[in-house]
Amino acid sequence: MDHPFDAIVVGAGGAGLWAALELAREGVNTAVLTKLYPTRSHTGTAQGGVCAALGNLEEDHWEWHMFDTVKGGDYLVDQDAAEILAREAIETVIELEHMGLPFNRTPDGKIDQRRFGGHTSNYGEGPVRRACFAADRTGHMILQTLYQQCIKHGVKFFDEFQVVDLLFEGDPAKGGRAAGVVAHRLADGQLHTFRAKAVLLSTGGFGRMFRITSNAHSLTGDGVALCYRHGIPIQDMEFFQFHPTGIVGIGILLSEAARGEGGTLLNDKGERFMANYAPKLMELAPRDMVSRAMYQEIRAGRGIGGKDYLYLDVRHLGRKVIEEKLPDITDFARIYQGVEPLKEPVPVQPTAHYAMGGIPTNVFSEVVRDDKGTVVPGLFAAGECACVSVHGANRLGTNSLVDLLVFGRRAGRQMARYAAKVERPQPIANAVEPMRADLDAIRGREASGESVAVIRKELQDVMMDNVGVYRDATLLTAALAKVKELKARNQKVAIADRGSVFNTELLEAQELGYLLDLAHVTVAAALARTESRGAHSREDYPERDDKKWLKHSLAYQGKDGPTLRYKDVSITTFQPKPRTY
Ligand SMILES: Cc1cc2nc3c(=O)[nH]c(=O)nc-3n(C[C@H](O)[C@H](O)[C@H](O)COP(=O)(O)OP(=O)(O)OC[C@H]3O[C@@H](n4cnc5c(N)ncnc54)[C@H](O)[C@@H]3O)c2cc1C
């Protein structure tokens, strides 16, 4: 079935919904396709907050926010984009408030704000209250608010439509323009084409390539992998963030808000060990540093009971703060660990959390395909799947939600401008055939001994053990060989469900292919980058090397794996300096 629209948004998280809202306000005929029900998007699990230099409780300025973002990202941030992020954060958060988002309030009725890692006053002096929040359910409130607004403005939703291919007029690597997508309808397995002038990818992250992750099962990098397969490069894939405080063994997140409200990290001796790593900001240092400090404590035998975890302690915050500001995450500790945070410290360890890399875009959320910023006409990306790059080598807490708002909004506005100028693409002959052949091949394969679950598990293990917080050439070389082996075995993967109705097994096989491609790029880019910067820590190259490596990586799909190229970082205001906190 063919569905003609003017704009298509793939993904109904915060980025996709704000773009769709903007398009609907401009009267553009828009469809949102989402493999999950919109309100189940991962944005809904975001806990701690969304930052904006409102200065409601203490002095703050967007320039300070911009500086923190650049320094937090270890100077790999594009500073023109970081300026836009920090400036427009303020108006987008206020707009959300006007849409009805129930933020926590100060006694005099303003939006309440709390501290978060790496956010400082006066260019690094000390922590500042910049994160706006609705208890520890900020993402949930953002998602509900935006979804309501989209419904109010008549956005059309296609729920449980999983996009499996992108359509172009011409080759996007050589000037071709976006023309739509192919989607698999979960309910009956039918393939549909959606034609449009402008297509936005806002498909979220891909933390599911790691064993221990805060990311939902659905976060498999679909949009990023589909771009890569169509000859569009993907950027900065070697930078993946590990969040310091995941629930031991399962990775479910305990928000940094716990530390923002005054929670501490303790080792086996009961010491606040962060004093030895970041004396000024302590537990509110950026995540890459806190995660490394935790690994070092564990390696030195100071994990709890000599094991591979540490304690997050919120006992001293008292019942009122916990119940008003951290209700959900303290419940997680009770439910998943059987620990009562009011009385006991909570066992935590780093968990794979956020993809700094993704589909390269300019500040209008247009996808670019080379180091010169050449745009792929009609193709846009925003949110975690995109790399604009405001997070550089390490994202600061609360900067993702604001990235969704700012660049989701910009995407919607730019798509509306673009759609007004061009004709709708003509139907493409046999558009669904390549994908139908792929899916039929998986479905028709006889049992081969290779299953999605086993290959995915082996992938997650090698990524966690070899491509985690610390890396070196030996670990990465072994990981590269393993990922190649898994890709070869994946050619033979067979599934038990041959049906067309609700065949989630088939779609998981498809998603495993995306994870394998993205893991391949991550490992190759990490092996090539012989320095340590932000979340990419090479034990064999422990220093940052600005002379050689102050540049973004761009990975193109080659015959036997990724080909790497590089592009300059935009530096407008802040020259790189050593990064201490
Ligand atoms: C547990 C947790 C807590 C977090 N807390 C915070 C926080 O407090 N502050 C902060 O700033 N950041 C936080 N983050 C990060 C932030 O929430 C995410 O980066 C952000 O929500 C991603 O939003 P998105 O719009 O890019 O995509 P998502 O919200 O992940 O949504 C992706 C959408 O894409 C759709 N999709 C994916 N693939 C396909 C496909 N093939 N076809 C159709 N649809 C598809 C999905 O259905 C979904 O609607 C947190 C992340 C996690 C995991």
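The values are calculated or read from the model by the stated rules, or taken from the named source; none is laboratory data. Since this is a predicted model, take the numbers as computed values, not measurements. Positions of Cβ are backbone-derived with ideal geometry, glycine not excepted, and every protein chain shown enters the neighbour counts. Protein only, heavy atoms only, side chains kept; ligands, DNA and RNA dropped before computing areas. Shrake-Rupley method; radii C 1.70, N 1.55, O 1.52, S 1.80 Å.
For the stretch 64-106 versus the stretch 223-280, the inter-centroid distance based on Cα atoms is 19 Å.
Look at the dipole of the stretch 247-352 built from charges on Cβ: of 255, 284, 337, the Cα furthest out on the positive end belongs to 284. Computed in the context of the full set of protein chains, the accessible area of the chain at 1.4 Å probe radius has 49% of its extent on carbon or sulfur.
If only the Cβ of Lys and Arg carry +1 and only the Cβ of Asp and Glu carry -1, the dipole of the stretch 247-352 around its Cα centre is close to 260 debye.
When only the Cβ of Lys, Arg, Asp and Glu is charged (+1, +1, -1, -1), the dipole of the stretch 454-521 relative to its Cα centre reaches about 220 debye. Could you tell me which of the pairs 71/482; 307/343; 71/548; 197/457 are separated by over 28 angstrom between their Cα atoms in the structure shown? As for pairs spanning more than 28 Å Cα to Cα, those are 71/482; 197/457.
Counting only alpha carbon atoms, the long axis of helix 62-72 and the longest principal axis of the chain meet at about 90°. At an R0 of 51 angstrom, the distance between the Cβ atoms of residue 335 and residue 423 translates into a FRET efficiency of 0.40. When peptides 239-252, 553-566 are ranked by their average number of other Cβ atoms within 10 Å per residue, the highest-first order is 239-252, 553-566. Of all stretches in the chain that contain no GluC sites (Glu not before Pro) in a DSSP loop with at most 14 other Cβ atoms within 10 Å, the longest one is 272-422. Between 0 and 90 degrees, rounded to the nearest ten: what's the tilt of helix 504-528 against the longest Cα principal axis of the chain? Roughly 60 degrees between the two axes.
By how many degrees, 0 to 90 and rounded to 10, does the Cα axis of helix 399-421 deviate from the longest principal axis of the chain? The helix 399-421 is inclined about 30 degrees to the chain.
What is the distance in Å between the Cα centres of the stretch 387-416 and the stretch 528-581? One Cα centre to the other: 20 Å. FRET efficiency for the residue 320 to residue 446 pair, using the beta carbon distance and R₀ = 56 Å, is estimated at 0.35.
May I ask which residue of 478, 493, 451 lies farthest towards the positive end of the charge dipole of the stretch 433-531, with charges of +1 (Lys, Arg) and -1 (Asp, Glu) on Cβ and the Cα centre as origin? With unit charges placed on the Cβ atoms, the residue in question is 478. On a straight-distance basis, which lysines could pair with residue 110 in a cross-link, Cα separation under 19 angstrom, same-chain partners fewer than 8 positions away excluded? Qualifying lysines at Cα under 19 Å: 325.
Here the chain is assigned +1 on the Cβ of each Lys and Arg and -1 on the Cβ of each Asp and Glu. Its dipole about the Cα centre then comes out at about 240 debye.
Between the residues 244, 124, 215, the greatest Cα displacement towards the positive end of the dipole of the stretch 96-253, with unit charges on the Cβ of Lys, Arg, Asp and Glu, is found for 124. Protection proxy ranking of 4-16, 426-438, by the mean of other Cβ atoms within 10 Å over each peptide's residues and highest first, is 4-16, 426-438. Counting charges near residue 420 (Lys, Arg +1; Asp, Glu -1) among other residues having Cβ under 14 Å from its Cβ returns a value of +2. The alpha carbon centroids of the stretch 497-521 and the stretch 171-185 are separated by 20 Å. For the stretch 308-319, backbone phi angles converted through the Karplus equation (6.51, -1.76, 1.60; θ = phi - 60°) give residue-by-residue couplings of 8, 8, 10, 10, 9, 10, 10, 4, 6, 6, x, 4 Hz, Gly and Pro being listed as x. Taking K and R as +1 and D and E as -1, what net charge do the other residues with C-beta under 13 Å from the C-beta of residue 544 add up to? Around residue 544, the charge tally is +3. Rolling a 1.4 Å probe over the protein heavy atoms gives the chain an accessible area of 35 Å² per residue.
What net charge is computed for the residues neighbouring residue 332, neighbours being all others with C-beta under 13 Å from the C-beta of residue 332, Lys and Arg scored +1, Asp and Glu -1? Summing Lys and Arg as +1 and Asp and Glu as -1 gives -2.
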